[in-house]
Structure formats: structure tokens, C-alpha cells
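Data first, discussion second: the structure below is written as C-alpha cells.
The values are calculated or read from the model by the stated rules, or taken from the named source; none is laboratory data. These figures come from a predicted structure and were not determined experimentally. All Cβ positions, glycine included, derive from the backbone under ideal geometry; neighbour counts span all protein chains shown.
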Amino acid sequence: MSVVVRAENLSCFYGIVMGVNNVSFDIESGITGLVGPNGAGKSTLIRLMTGQIAPSSGTLTVFGESPRNNSNTLSRIGYCPEHEHVPNQLKPVDWLRSLASLSGIRWRETKLRSEEALDLVGLDRKDWGKRLGSYSKGMKQRVKLAQAILHRPDLVILDEPMNGLDPMGRKEITDVLVKLRRNGTDVIISSHILHELETLCGNFLMINWGRALASGSQSAIKADVDNWSEQAVICSSAPEVVAKRLGELGQLKGYLIEDDDLIVWLSEPETFYTNWMDYLGDCPVEIYELRNQTKSLSSIFERVTQ
């Protein structure tokens, strides 16, 4: 299969804040799920893929070219952002026609393109005469998806596109994405709804802590998980402090924080279990519990997509 997105030693920093840190991966043709908890680096990757920001170091290419300030590459990408930024005073067809015109579509064709896109995303025609400001969140999601596919791109990138949709709406959007793929469009979708990604996506890129933890098909990722370092859970009064200490000691490959639980992937399990009291003894936190934990791929997805 052809490579759609490639990252090589890619890093992106916002001042001293890390977005992604020295990641390398390939996203191949098809429907790919981008998964990870809040703050993992998903949004940074999407901004890089859509040319909104430039890498601090390393490279990222889409269809073999950098998307940054590259009109040829950007014209092949459709983007559906997570947040709602629609002009409340406009009606959907009017807004889409203006966007289509900005994309270089001849004005006399913009009305047909706009109506085709709205039909494809399942927005009821009786609502086309209403202003966007009166729309529900789910209706706005459909219009946002319509603008992403308006210019018939080769790649559609969607950031949490199922937000605000009821189960039927999610099923309809899923059907739209499957139809796009059958017509040759590649799709990258970021979502925290695990079961929808599992049934929709052929491939995944799992990221956390600004790093790519695993990528490829579900079976390939499961094989990677089997080779991961041992996983432990530390329950404490300040899990972020414990994570920082273990990171400074070189004991972490990755971690997640859920309430009082710090879930860690250990780089040296035997050393950690032998010396954990020394490592954490002078931390200004209360340690409530330490337990060993082995996770399947499904369970890890549940953790990182919550």
C-alpha cells in the first residue's frame, strides 16, 4: 500500500512545551485511527499534517511533500476540526458556496457541489434554509464534514467528528467515511470512541506523551504490545509528581494518569520492583497502592481513548 503520511524524527515544541517528540511513523492508504488521551499530541500531529504549523525538527510529508505553505498538497487535503467555528448568520449552502469558490471551484458549480456534500453527510434538506447559528451540535458537525469534502480531496483528516451526534448520526457519518474510502479517498480520524474506531479503521497510530507508541493494523499493534515493557499502576496523592520522578530516573517508557492512578510502562521492571521504595521514598506524596498489571490491546485502547 502507498504511504500517505510519513514522519521521520519529527518534533514540534511550543516554546518549552512539547507537542510531539522525535516520532517516526508511516500512515498508509486507507482509514487510519489516531488514538491517545488528551494532551498526547494528536492535535499537534493534525496541525502538522494540515500545514498549520511547521516542525521544530525532523520532517513530515503528505503525499511525499511538506504540507506547510504548499498549495498543491493542501488542495488534496480536507480538514474537519474538532471545535465549532461556523458563521452563525449564514445558511449552510451559502457558506459552502463561498468556501468552494475560495477553493477554486467555478461559481456556477458551487451550488451543485454544496448540495451534493450536504446530501452525502445526511443533513436533512428541510434544514438547509435555517441559519447555522440555530443548528444543534450534531447538525454543525455534519456541515463541517461537508466543507471538508467539498473540493473532493484525496485525504480527509477529521478531529473528533462524532462529537454531538446521536447513535444514528454516528452510524450515518461512519457510512459516509466508508463510502469516501470506497471512492478512493484516504481518511485519518481522531476519536475517543473506541468501538467506532475498531470497526471503522483498518490501521491505527497510537500516541501518548508526544511519542508514537504503536502503529499499523490491529494485529501488528497487538504484536508490538506483547513486546512492550511491563505495566504497573501506582495509586498516589499526586500521580504527576510520581511520573516526573520516575521519568528523571529513566524508569518510564510511557504513562497515563487517571484520577489518582498513574499507569506506567516500565523500562527496567526488575530494577523498579527491587528499588521502588528508594525511588519514591522521598517523594512528597502518599503512595496508596502499587500493583503489577498486564493489558491486552483492547484494554490499552480503552485507557488511551477515554
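For segment 13-42, a residue qualifies if it is in contact with a Gly (Cβ under 8 Å, 6 or more places away or on another chain) and either aromatic (Phe, Trp, Tyr) or outside the structural domain of Thr199 (by TED's automatic domain parsing) (or both), and exactly one does: Phe13. Among residues of segment 87-124 being outside any helix (DSSP H, G or I) and aliphatic (A, V, I, L, M), the one that is modelled with the highest pLDDT is Leu90.
Counting just the residues of segment 113-157 that are touching a residue at least 12 places away in the same chain (Cβ under 8 Å) and among the acidic types (Asp, Glu), which one comes out nearest to Glu65 (Cα to Cα)? Across segment 113-157, the extreme among qualifying residues is Asp154. Can you say whether Asp127 is surrounded by 16 or more Cβ atoms within 10 Å (Cβ to Cβ), at pLDDT 95 or above, more than 26 Å from the chain's Cα centre (by Cα) and in the same structural domain as Val176 (by TED's automatic domain parsing), as far as the supplied structure shows? Yes, satisfied.
Could you list all residues from segment 226-259 that are touching a helix residue (DSSP H, G or I) at 6+ places or on another chain (Cβ under 9 Å) and under 16 Å from Pro37 (Cα atoms)? Tyr255, Leu256, Ile257, Glu258, Asp259 - these are the residues of segment 226-259 that are touching a helix residue (DSSP H, G or I) at 6+ places or on another chain (Cβ under 9 Å) and under 16 Å from Pro37 (Cα atoms).
Rundown of residues vs (1) surrounded by fewer than 18 Cβ atoms within 10 Å (Cβ to Cβ); (2) free of Cβ contacts under 8 Å to residues at least 60 places away in the same chain, yes/no style:
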{"position": "Gly58", "(1), (2)": "yes, yes"}
{"position": "Glu65", "(1), (2)": "yes, yes"}
{"position": "Asn69", "(1), (2)": "yes, yes"}
{"position": "Ser75", "(1), (2)": "yes, no"}
{"position": "Tyr79", "(1), (2)": "no, no"}
{"position": "Glu82", "(1), (2)": "yes, no"}
{"position": "Gln89", "(1), (2)": "yes, yes"}
{"position": "Leu102", "(1), (2)": "yes, yes"}
{"position": "Arg108", "(1), (2)": "yes, yes"}
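Residue by residue, here is whether (1) part of a strand (DSSP E or B); (2) at pLDDT below 90; (3) surrounded by fewer than 17 Cβ atoms within 10 Å (Cβ to Cβ) holds:
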{"position": "Ser229", "(1), (2), (3)": "no, yes, yes"}
{"position": "Leu246", "(1), (2), (3)": "no, no, no"}
{"position": "Leu256", "(1), (2), (3)": "yes, yes, no"}
{"position": "Tyr273", "(1), (2), (3)": "no, yes, yes"}
{"position": "Met277", "(1), (2), (3)": "no, yes, yes"}
{"position": "Asn292", "(1), (2), (3)": "yes, yes, yes"}
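The strands (runs of 3 or more DSSP E) found wholly in segment 1-86 and carrying at least 2 residues that are out of contact with any Cys (no Cβ under 8 Å at 6 or more places or on another chain) and modelled with pLDDT under 95 occupy 3-14, 17-28, 31-35.
Examine segment 134-146 for a residue that is among the aromatic types (Phe, Trp, Tyr), within 30 Å of Val3 (Cβ to Cβ) and surrounded by 17 or more Cβ atoms within 10 Å (Cβ to Cβ), and state whether such a residue exists. The answer is no, given that none of the residues of segment 134-146 is among the aromatic types (Phe, Trp, Tyr), within 30 Å of Val3 (Cβ to Cβ) and surrounded by 17 or more Cβ atoms within 10 Å (Cβ to Cβ).
Among the residues of segment 5-54, the one identified as surrounded by fewer than 16 Cβ atoms within 10 Å (Cβ to Cβ), under 12 Å from the mean Cα position of the chain (by Cα) and under 23 Å from Ala148 (Cβ atoms) is Asn38.
Among the conditions (1) closer than 18 Å to Ile157 by Cα; (2) without any contact (Cβ under 8 Å) to a residue 40 or more places away in the chain, Val17 misses just one, which is (1).
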